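The values are calculated or read from the model by the stated rules, or taken from the named source; none is laboratory data. The model shown is predicted, which means the values in this text are computed figures rather than measured ones. Methodologically, a virtual Cβ is constructed for each residue, glycine included, from the backbone with ideal geometry; neighbour enumeration extends over all protein chains shown. Surface accessibility is based on the protein's heavy atoms, side chains included, excluding ligands, DNA and RNA. Shrake-Rupley method; radii C 1.70, N 1.55, O 1.52, S 1.80 Å.
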Amino acid sequence: MTDRSPRLLPWTAPGGKPCYLFTDDDGGFLSRYADEVEALQLGMGLGLLEHARVLIDDPAADARQLRFLSVQLSAALRDAVRVAQARGAGLSAQVE
(Lines give C-alpha, C1' and ligand atoms only; values in the text may rest on other atoms or scores of the structure.)
Protein backbone atom coordinates (compact mmCIF):
# COMPACT_ATOMS: atom_id res chain seq x y z
CA MET A 1 0.00 0.00 0.00
CA THR A 2 1.27 3.48 -0.85
CA ASP A 3 1.16 6.46 1.47
CA ARG A 4 -2.17 7.70 0.08
CA SER A 5 -4.51 9.45 2.46
CA PRO A 6 -7.49 7.56 3.81
CA ARG A 7 -10.85 8.34 2.20
CA LEU A 8 -13.53 9.86 4.40
CA LEU A 9 -16.66 7.79 3.80
CA PRO A 10 -20.12 9.37 3.47
CA TRP A 11 -21.48 7.65 6.58
CA THR A 12 -20.54 7.53 10.23
CA ALA A 13 -19.97 4.79 12.76
CA PRO A 14 -22.21 4.45 15.81
CA GLY A 15 -21.85 7.52 17.97
CA GLY A 16 -21.24 9.74 14.93
CA LYS A 17 -17.57 8.89 14.55
CA PRO A 18 -16.18 9.27 11.02
CA CYS A 19 -15.40 6.20 8.91
CA TYR A 20 -12.39 5.99 6.63
CA LEU A 21 -11.33 3.66 3.84
CA PHE A 22 -7.67 2.74 3.47
CA THR A 23 -7.07 1.31 -0.01
CA ASP A 24 -5.00 1.64 -3.15
CA ASP A 25 -7.98 0.56 -5.28
CA ASP A 26 -10.24 3.51 -6.18
CA GLY A 27 -12.33 1.13 -8.26
CA GLY A 28 -12.98 -1.37 -5.49
CA PHE A 29 -16.45 -2.34 -4.28
CA LEU A 30 -16.45 -0.12 -1.19
CA SER A 31 -15.07 2.87 -3.12
CA ARG A 32 -17.78 2.51 -5.77
CA TYR A 33 -20.45 2.09 -3.10
CA ALA A 34 -19.23 5.25 -1.33
CA ASP A 35 -19.39 7.11 -4.66
CA GLU A 36 -22.99 5.94 -5.12
CA VAL A 37 -23.95 6.98 -1.58
CA GLU A 38 -22.37 10.42 -2.09
CA ALA A 39 -24.27 10.89 -5.36
CA LEU A 40 -27.51 9.82 -3.67
CA GLN A 41 -26.94 12.19 -0.74
CA LEU A 42 -26.23 15.14 -3.04
CA GLY A 43 -29.23 14.30 -5.23
CA MET A 44 -31.51 14.11 -2.20
CA GLY A 45 -30.14 17.45 -1.01
CA LEU A 46 -30.99 19.06 -4.35
CA GLY A 47 -34.50 17.64 -4.19
CA LEU A 48 -34.89 18.90 -0.65
CA LEU A 49 -33.81 22.40 -1.72
CA GLU A 50 -36.55 22.43 -4.35
CA HIS A 51 -39.09 21.28 -1.76
CA ALA A 52 -37.84 23.99 0.63
CA ARG A 53 -38.33 26.68 -2.00
CA VAL A 54 -41.94 25.61 -2.50
CA LEU A 55 -42.69 25.25 1.23
CA ILE A 56 -41.11 28.58 2.18
CA ASP A 57 -43.20 30.34 -0.48
CA ASP A 58 -46.39 28.71 0.86
CA PRO A 59 -48.16 31.09 3.28
CA ALA A 60 -50.13 28.12 4.64
CA ALA A 61 -46.98 26.30 5.82
CA ASP A 62 -47.03 25.95 9.58
CA ALA A 63 -44.25 25.94 12.18
CA ARG A 64 -44.23 22.13 12.42
CA GLN A 65 -43.63 21.78 8.68
CA LEU A 66 -40.92 24.44 8.67
CA ARG A 67 -39.21 22.88 11.71
CA PHE A 68 -39.19 19.47 10.01
CA LEU A 69 -37.80 21.10 6.86
CA SER A 70 -35.01 22.75 8.86
CA VAL A 71 -34.03 19.40 10.40
CA GLN A 72 -33.90 17.78 6.96
CA LEU A 73 -31.95 20.68 5.46
CA SER A 74 -29.48 20.49 8.33
CA ALA A 75 -28.91 16.77 7.67
CA ALA A 76 -28.51 17.41 3.93
CA LEU A 77 -26.00 20.17 4.59
CA ARG A 78 -24.03 17.90 6.93
CA ASP A 79 -23.94 15.25 4.17
CA ALA A 80 -22.85 17.80 1.55
CA VAL A 81 -20.04 19.07 3.78
CA ARG A 82 -18.85 15.49 4.37
CA VAL A 83 -18.86 14.84 0.60
CA ALA A 84 -16.94 18.07 -0.02
CA GLN A 85 -14.36 17.09 2.59
CA ALA A 86 -14.02 13.63 1.13
CA ARG A 87 -13.63 14.94 -2.42
CA GLY A 88 -11.25 17.79 -1.95
CA ALA A 89 -10.74 19.49 1.35
CA GLY A 90 -8.84 16.60 2.88
CA LEU A 91 -9.26 15.22 6.36
CA SER A 92 -8.14 18.24 8.37
CA ALA A 93 -11.64 19.58 9.09
CA GLN A 94 -14.02 17.48 11.14
CA VAL A 95 -17.78 17.18 10.60
CA GLU A 96 -19.64 17.18 13.89
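Taking a temperature of 25 °C and a viscosity of 0.890 mPa s, what whole-number D in µm²/s does Stokes-Einstein yield for the chain with Rh from Kirkwood over alpha carbon pairs?
Using the Kirkwood radius from Cα pairs, D works out to 163 µm²/s.
Just the number please: accessible area per residue for the chain, 1.4 Å probe, all protein chains included, in Å².
With the other protein chains kept in place, the chain gives 70 Å² per residue.
Roughly how tilted is helix 63-84, in degrees to the nearest 10 and between 0 and 90, from the longest Cα axis of the chain?
Here the helix axis deviates by roughly 20 degrees.
With all protein chains present, calculate the accessible area of Ser5 using a 1.4 Å probe and round the result to the nearest 10 Å².
100 Å²
So if each residue of separation counts as 0.36 nm, and I subtract the Cα-Cα distance between Val37 and Asp58, what length gain in nm does that give?
In short, 4.4 nm is gained.
Where in region 38-64 does the label zone of Leu21 land, with the point 7 angstrom along Cα→C-beta and an amide N cut-off under 16 Å?
38-42
Quickly estimate the mean residue ellipticity at 222 nm for the chain, helices only: each DSSP H run with n ≥ 4 gives -39500 (n - 2.57), and the total goes over all residues, rounded to 500.
Dividing the helical sum by the residues of the chain leaves -18500 deg cm²/dmol.
Would you pull out the residues with amide H under 5 Å of Thr23's amide H, same chain only if 5 or more places away, H placed 1.01 Å from N?
Hits under the 5 Å cutoff: Arg7.
In whole Å, what are the Cα extents of region 40-87 along the three principal axes, biggest one first?
That gives 39, 15, 12 Å along the principal axes, largest extent first.
Test of the criteria: in region 1-72, which chymotrypsin sites (Phe, Trp or Tyr not before Pro) are in a DSSP loop and have at most 14 other Cβ atoms within 10 angstrom of their Cβ?
Those satisfying the criteria are Phe22.
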